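> Have a look at this one before I ask anything.
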Amino acid sequence: MKRSATGWAVFLFGVLGLAACVPSAAARSAVQPPASEPATAETIQSPASILDDEQAALILADLGGRDREAAERSLAAVLEAHDLRFIAVLIEVLRANEIGMALGVDYSSTVSALEELSGQSLGANWPAWVEWYGATDLLPPPGFTGWKGQLLSFIDPRFAEFLNDEAPSRIRVEEVLWGGVTVDGIPALDQAEMIQRAAAGYLLAEEPVFGVEINGDARAYPLRILDWHEMANDVVGGVPISLAYCTLCGAAIAYDGRASDGETYTFGSSGFLFRSNKLMYDRQTRTLWNQLTGEPVLGELAATDVQLSLLPVVLTSWSAWQAQHPETLVLSLKTGFERYYLPGAAYGQYFASEATMFPVWQRGSQLAAKDRIYALRVDGIPKAYPLARLVEEEVVNDSIGTTKLVLIATRGRVMVNGVSLQAGNVTYDAGGEVRAFLRGDEAFSPGTTPDAVVDERGLEWTVTEEGLRSPDGELAPRLSGHLSYWFGWFAFFPNTLVYGGASQ
């Protein structure tokens, strides 16, 4: 069955529920940055009473239910005790009412109770409450994780499997947000069909692809397809990989599926976000993972030190990737899913806008929220390289800690002229081709072609996916980094170094 562009817009914003999850422009503009000093229970209002665990459990059940009388009675008990732990609960109730869950506590009562407990005047502005709460050190009542899972199970029963009170956690569960889709509502591609480049007539020369090459096996993953799936589990050059793509924070990261614990994992999209970054889950243990860091954060594996390793990935144009890798394979349009696979169709409006879609409390002022950066972590030190600077300088010799490296961005930006299902014709910057390499004591400058750099002796080194190769075969190894929006990177690495400026 085929759908028109209008039909696909209904599908995207109806079935996937994105319309319900996007804060209004008015709400976004009303969000204020958190204070420099986080609020504490003492600075909000002290002293506060603490309801005992049995009372708290009963109140949680009432506030998450649809019995109006019971909910009003429990809300009155929270206010009488001035139990600040229930601020987190009420923010969830506010959101539930906002997306039409029809709980026992009505919208106005929820807002009034939030303002009374917190001393804040944020009204019904859910994003503002999320950002304000994130900067506090408040804690939720016992049983909150399981209660939240049960609340969200109204949307998808499988959410309760992820959010349960027995699940080890490395993150504040209060910051886990529903992203507007069900579990696997954005379906991963699993070893999707690949075709020879000559057969990929659907691709435009200038449009963006993610390129991966391992052991001589080069593969291109067009963004017109990945925008709809955000995850590709594949085997490249004999290596199981997961190309995890967070459209909201602009970061596509290739992970080696062979984790540090000796197990191999494949991933899907949980439907949850954390600081506007997608929480992916592994199919083997159903643990939630941070897409940006490759760490398990909620679930069985969060109690371990298991870690995923990054693999090199580059965003470039289809024409540039073909020129560099004439034997490349590329995703077929026959993915097994019915989607409107055209550039910009799914997220073109978002990519073309300066606005973010979900609240993030930890923001840096050094760059604009959606400025693109190339992100590296070397020896535990995070550093952000503004793409505009890299494109301007083309070759950047730098150091992170004691590690000397060179970044090469000789092909400029990759621009997209697309058609958004929500906004019509859009033009946006998809990023740019950036690679990073160890350089030892060498220093490089641009070469005679975009695929070459010159050392201080005048010798030309060739840019490859494996490393920089000198005329005599010496190899300067590749470093694994990735593009990101600035706000997405800063949300997890507020102490990041910034090329051309100091850390925040």
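The values are calculated or read from the model by the stated rules, or taken from the named source; none is laboratory data. Nothing here was measured: the structure is a model prediction, and the numbers come from that model. Ideal geometry is used to build each Cβ from the backbone, glycine not excepted, and the neighbour counts take in all protein chains shown.
> Return the residues of the stretch 117-136 that are free of Cβ contacts under 8 Å to residues at least 60 places away in the same chain and either closer than 14 Å to VAL89 by Cβ or not assigned by TED's automatic domain parsing to the domain that holds LEU79 (or both); say none if nothing qualifies.
Selection gives TRP129 alone.
This table checks each residue for (1) surrounded by 19 or more Cβ atoms within 10 Å (Cβ to Cβ); (2) of a type in the set (A, V, I, L, M, F, W, C); (3) part of a loop (DSSP other than H, G, I, E, B).
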residue: ALA167; (1), (2), (3): yes, yes, yes
residue: THR182; (1), (2), (3): yes, no, yes
residue: ILE195; (1), (2), (3): no, yes, no
residue: ALA220; (1), (2), (3): yes, yes, no
residue: ILE225; (1), (2), (3): yes, yes, no
residue: VAL235; (1), (2), (3): no, yes, no
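Matching residues to (1) more than 30 Å from ARG172 (Cβ to Cβ); (2) surrounded by fewer than 21 Cβ atoms within 10 Å (Cβ to Cβ); (3) out of contact with any Lys or Arg (no Cβ under 6 Å at 6 or more places or on another chain):
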{"residue": "MET415", "(1), (2), (3)": "yes, yes, yes"}
{"residue": "VAL453", "(1), (2), (3)": "yes, no, yes"}
{"residue": "GLY467", "(1), (2), (3)": "yes, yes, no"}
{"residue": "ARG478", "(1), (2), (3)": "yes, yes, yes"}
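> Right, next: In this structure, does PRO157 turn out to be surrounded by fewer than 21 Cβ atoms within 10 Å (Cβ to Cβ) and assigned to a strand (DSSP E or B)?
So PRO157 fails the test.
> Still on this structure, please answer the following. Please indicate, with yes or no, whether at least one residue in the stretch 468-482 is assigned to a loop (DSSP other than H, G, I, E, B) and among the hydrophobic types (A, V, I, L, M, F, W, C).
So far as the stretch 468-482 goes, no, none of its residues is assigned to a loop (DSSP other than H, G, I, E, B) and among the hydrophobic types (A, V, I, L, M, F, W, C).
> State all residues of the stretch 173-226 that are farther than 23 Å from GLY431 by Cα and touching a His at 6+ places or on another chain (Cβ under 7 Å); if no residue qualifies, say none.
Of everything in the stretch 173-226, just one residue is farther than 23 Å from GLY431 by Cα and touching a His at 6+ places or on another chain (Cβ under 7 Å), namely PRO187.
> Hey, among the residues in the stretch 376-390 that are closer than 21 Å to SER353 by Cα and among the aliphatic types (A, V, I, L, M), which one's surrounded by the most Cβ atoms within 10 Å (Cβ to Cβ)?
LEU387
> Still on this model: What number of residues in the stretch 294-312 are within 26 Å of ASN215 (Cβ to Cβ) and either acidic (Asp, Glu) or in a loop (DSSP other than H, G, I, E, B) (or both)?
Total satisfying the criteria: 5.
> Still on this structure, I have one more. Contact list please: Cβ distance under 9 Å, first residue in the stretch 472-492 and outside the structural domain of ASP429 (by TED's automatic domain parsing), second residue of a type in the set (Lys, Arg), pairs at least six apart or on different chains.
Short answer, once both residue conditions are applied: none.
> Could I ask something else about it? Tally up the residues in the stretch 144-177 that are in contact with a Leu (Cβ under 8 Å, 6 or more places away or on another chain), within 20 Å of LEU301 (Cβ to Cβ) and free of Cβ contacts under 8 Å to residues at least 40 places away in the same chain, please.
Final tally of qualifying residues: 4.
> If only one of ALA409, ALA443, ALA423 is in contact with a helix residue (DSSP H, G or I) (Cβ under 6 Å, 6 or more places away or on another chain) and surrounded by fewer than 16 Cβ atoms within 10 Å (Cβ to Cβ), which one is it?
That would be ALA423, the only listed residue that is in contact with a helix residue (DSSP H, G or I) (Cβ under 6 Å, 6 or more places away or on another chain) and surrounded by fewer than 16 Cβ atoms within 10 Å (Cβ to Cβ).
> Out of GLY432, GLY447, report the one residue that is within 28 Å of ALA345 (Cβ to Cβ) and of a type in the set (Gly, Ala, Ser).
None of the other options fit; the residue is GLY432.
> Let me confirm something: among GLY185, GLY180, which residue is touching a residue at least 40 places away in the same chain (Cβ under 8 Å), touching a Cys at 6+ places or on another chain (Cβ under 6 Å) and closer than 30 Å to GLU98 by Cα?
Only one candidate passes the filter, namely GLY180.
> If you don't mind, another one. Failed condition for SER399, given (1) surrounded by fewer than 16 Cβ atoms within 10 Å (Cβ to Cβ); (2) within 26 Å of PRO343 (Cβ to Cβ); (3) without any contact (Cβ under 8 Å) to a residue 24 or more places away in the chain, with all others met?
Among (1) surrounded by fewer than 16 Cβ atoms within 10 Å (Cβ to Cβ); (2) within 26 Å of PRO343 (Cβ to Cβ); (3) without any contact (Cβ under 8 Å) to a residue 24 or more places away in the chain, SER399 violates only (2).
> Further, regarding this structure: Looking at SER309, SER319, SER332, which is the one that is surrounded by fewer than 23 Cβ atoms within 10 Å (Cβ to Cβ), closer than 25 Å to GLU433 by Cα and within 22 Å of the chain's Cα centre (by Cα)?
Checking each option against the conditions leaves just SER309.
The rows are residues; the columns are (1) crowded, with 20+ Cβ neighbours inside 10 Å; (2) of a type in the set (A, V, I, L, M); (3) under 16 Å from the mean Cα position of the chain (by Cα); (4) at positive phi.
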site: GLY299; (1), (2), (3), (4): yes, no, no, yes
site: ARG339; (1), (2), (3), (4): no, no, no, no
site: SER353; (1), (2), (3), (4): no, no, no, no
site: ALA368; (1), (2), (3), (4): no, yes, no, no
site: TYR374; (1), (2), (3), (4): yes, no, yes, no
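> Still on this structure, I have one more. Find the residue count for the stretch 95-113, including only residues that are assigned to a helix (DSSP H, G or I), under 29 Å from the mean Cα position of the chain (by Cα) and touching a residue at least 24 places away in the same chain (Cβ under 8 Å).
3
> Which of the residues belonging to the stretch 60-94 are free of Cβ contacts under 8 Å to residues at least 24 places away in the same chain and buried (at least 17 other Cβ atoms within 10 Å of the Cβ)?
SER74
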